[in-house]
Amino acid sequence: MNFTIDNIPFGIFSLNNSQKRLATVIDNLIVDLYELAKLGYFDGLKIRKSIFKNDYLNDFIALGKMKTNAVRKRVQEVLKDKHIYNEKAFYEVNLVELHLPIKIGDYTDFYSSEQHATNVGIMFRDPANALLPNWKHIPVAYHGRSSSIFVSGKNFHRPKGQINKDESKLPTFAPTSRLDFELEMATIIGKGNEIGESIDVNDAEDYVFGFQLFNDWSARDIQKWEYVPLGPFLAKNFFSSVSPWVITLEALEPFRVKGEIQNPTVLPYLQEKKRLNFDIKLEVVLQAQDSEEMIISESNFKNMYWTVAQQIAHHTVNGCNLNIGDLLGSGTISGNEPNSFGSLLEISWGGKNPIIMPNGAERRFLEDYDTVIIKGFAEKDGIRVDFGELRTTILPTK
Ligand code: CA
C-alpha cells in the first residue's frame, strides 16, 4: 500500500483497546488526528477537539465540506514538516486496530455496470434480452441491510438457506455451494436532504463525502430461488465488507474521466451538464488455503454506465431523504473482457469455466478458507491515491 500526501483519507483506529479516534495514514504510519488537535494543529478551524475522539467519522463529516476539506489541507501542510514526526501522534499501521469508519445508516445497492447487468441477464434469464427494458432508463437498485456490513479483516461463516437446484422439485435447506464476491465501490453520503426534497443531478456530488472499496458477498443458489418477484434478500444480507479508509471526493479530482455515452437519452432529471466518472483501477485477488495469491479480475470504476451523481438524483427524485453516513453500493463493476469481470459468477460463467489456482485446485465458486482481497488505486502524472485493501476469509458453516 502506498498512502501518499495527495491522498489523506479518513478512518477510525484504536490502540490496545483504547478509545477510538479519527486517523489518517501516510506511507505506513497511522496519524492520530485527536493528538494533532490537542497539540493545536487545527486551531483556527473552529472545530471541537472532541470531534476527533469518536467511534465513527459521522460527526466529523457533519461539520460540512468546508471544514473537513480544511482539516485535510491542514494535515497535508503539517505532514510536509519533518519535525512533526517527533510528536507522539504516529503509529506503525500493524500496531493499531482499524474499525468500521462510518456508522452506516441506510444501505442501497445499485446495478450500474452495463457489462455486469448483461452478463447476469444472459445467465439468469434470456441471452436475447439480457438487459431488462428499464435498465437504460433507470439506475436500478434495491434497499439492502446495513447491520451486516463489516470492515476489512472481519471474516464470516458460509451462510445456509433455501436452495432449489432443480426448480421442478422441492427446495432443500443447505449451506450455499455457490458463494461469490461482488467487486463494488461504496459511496459515503456526506450531506442529507430533507424529506420531500430532490437532489439535482448537477449538485449531487456536494452530497458525497468519499468512497471505499466494497464487497457485496452473494449466495447465487439462494439468490436464484428467492429473487423473484421482490429482488435479493437472504442471498445478500448475510455479510458485506468495506475497506477501512474513506477516500475523499476531493482526493479523486485528478482522476476524472468522461462517463459513457448514454443511448437512449435519459429523462431530463438524469441529464448531467458534465458526465464524469473516476478512473480508479480495481483488482480482485483470490488466495486459497495453502496456495499463492492470484489476481482473478482487473476492472475499473470508470466502467459505470450510471454515474454516482445520477444514482443520487434518482434515489431522491421521489423525495426520499438521504442521511449522512448512508452507503450507496455501485453494483458489481465489470469491464468488457472476462479478465475484468467483477464476480466469480461471471468469471466462471455460472460455474462452466473454472479458474485454476496456483496449487492446481479449481474454483467455480468460493471454498471455505478462501481469502478474497480487493485493492484499488488511481495514478496519474505522478499523483497516486491508494484505497488500501479489503480482505475477508470465508469460514465453514456454523
Ligand atoms: Ca451487488
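The values are calculated or read from the model by the stated rules, or taken from the named source; none is laboratory data. Predicted model, so just to flag it, every value in this text is computed and none were measured. Please note: Cβ atoms are built from the backbone with ideal geometry, for glycine as well, and neighbour counts cover all protein chains shown. Just so you know, the surface numbers come from the protein's heavy atoms only, side chains and all, with ligands and any DNA or RNA stripped out. Shrake-Rupley method; radii C 1.70, N 1.55, O 1.52, S 1.80 Å.
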> Would a scan of segment 325-344 turn up a residue that is open to solvent by 60 Å² or more (accessible area, probe 1.4 Å), assigned to a loop (DSSP other than H, G, I, E, B) and under 23 Å from residue 185 (Cα atoms)?
Replying inline: yes
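Between 157, 116, which is of a type outside the set (A, V, I, L, M, F, W, C) and touching a strand residue (DSSP E or B) at 6+ places or on another chain (Cβ under 6 Å)?
157
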> Could you say which residue among 242, 246 is within 22 Å of residue 374 (Cα to Cα), within 16 Å of the ligand (Cβ to nearest atom), in the same structural domain as residue 162 (by TED's automatic domain parsing) and open to solvent by less than 20 Å² (accessible area, probe 1.4 Å)?
Replying inline: 242
>> Can you tell me how many residues within segment 211-236 are touching a helix residue (DSSP H, G or I) at 6+ places or on another chain (Cβ under 8 Å) and within 16 Å of residue 327 (Cα to Cα)?
In response: 2
> Filtering segment 346-391 down to residues that are of a type in the set (Asp, Glu) and in a loop (DSSP other than H, G, I, E, B), which residue is most open to solvent (accessible area, probe 1.4 Å)?
Replying inline: 381
> Pick from segment 211-231 the residues that are assigned to a loop (DSSP other than H, G, I, E, B) and within 13 Å of the ligand (Cβ to nearest atom): which of them is nearest to residue 367 (Cα to Cα)?
Replying inline: 217
> With respect to residue 234, is the statement that it is open to solvent by 40 Å² or more (accessible area, probe 1.4 Å), in contact (Cβ under 8 Å) with a residue 60 or more places away in the chain, touching a strand residue (DSSP E or B) at 6+ places or on another chain (Cβ under 6 Å) and within 16 Å of the ligand (Cβ to nearest atom) true?
Replying inline: yes
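Can you name every residue in segment 95-131 that is more than 16 Å from the ligand (Cβ to nearest atom) and in contact (Cβ under 8 Å) with a residue 12 or more places away in the chain?
95, 96, 97, 98, 99, 100, 101, 102, 103, 105, 130, 131
If we only count strands (runs of 3 or more DSSP E) wholly inside segment 1-47, which ones have 1 or more residues that are in contact (Cβ under 8 Å) with a residue 24 or more places away in the chain and acidic (Asp, Glu)?
Output list reads 29-32.
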> So, of the residues in segment 124-166 that are open to solvent by less than 60 Å² (accessible area, probe 1.4 Å) and aromatic (Phe, Trp, Tyr), which turns out to be nearest to residue 180 (Cα to Cα)?
Replying inline: 156
>> Among the residues in segment 72-86, are any part of a helix (DSSP H, G or I), free of Cβ contacts under 8 Å to residues at least 12 places away in the same chain and of a type in the set (Lys, Arg)?
In response: yes
> How about segment 349-371: which of its residues are basic (Lys, Arg) and in contact with an Asp or Glu (Cβ under 8 Å, 6 or more places away or on another chain)?
Replying inline: 363
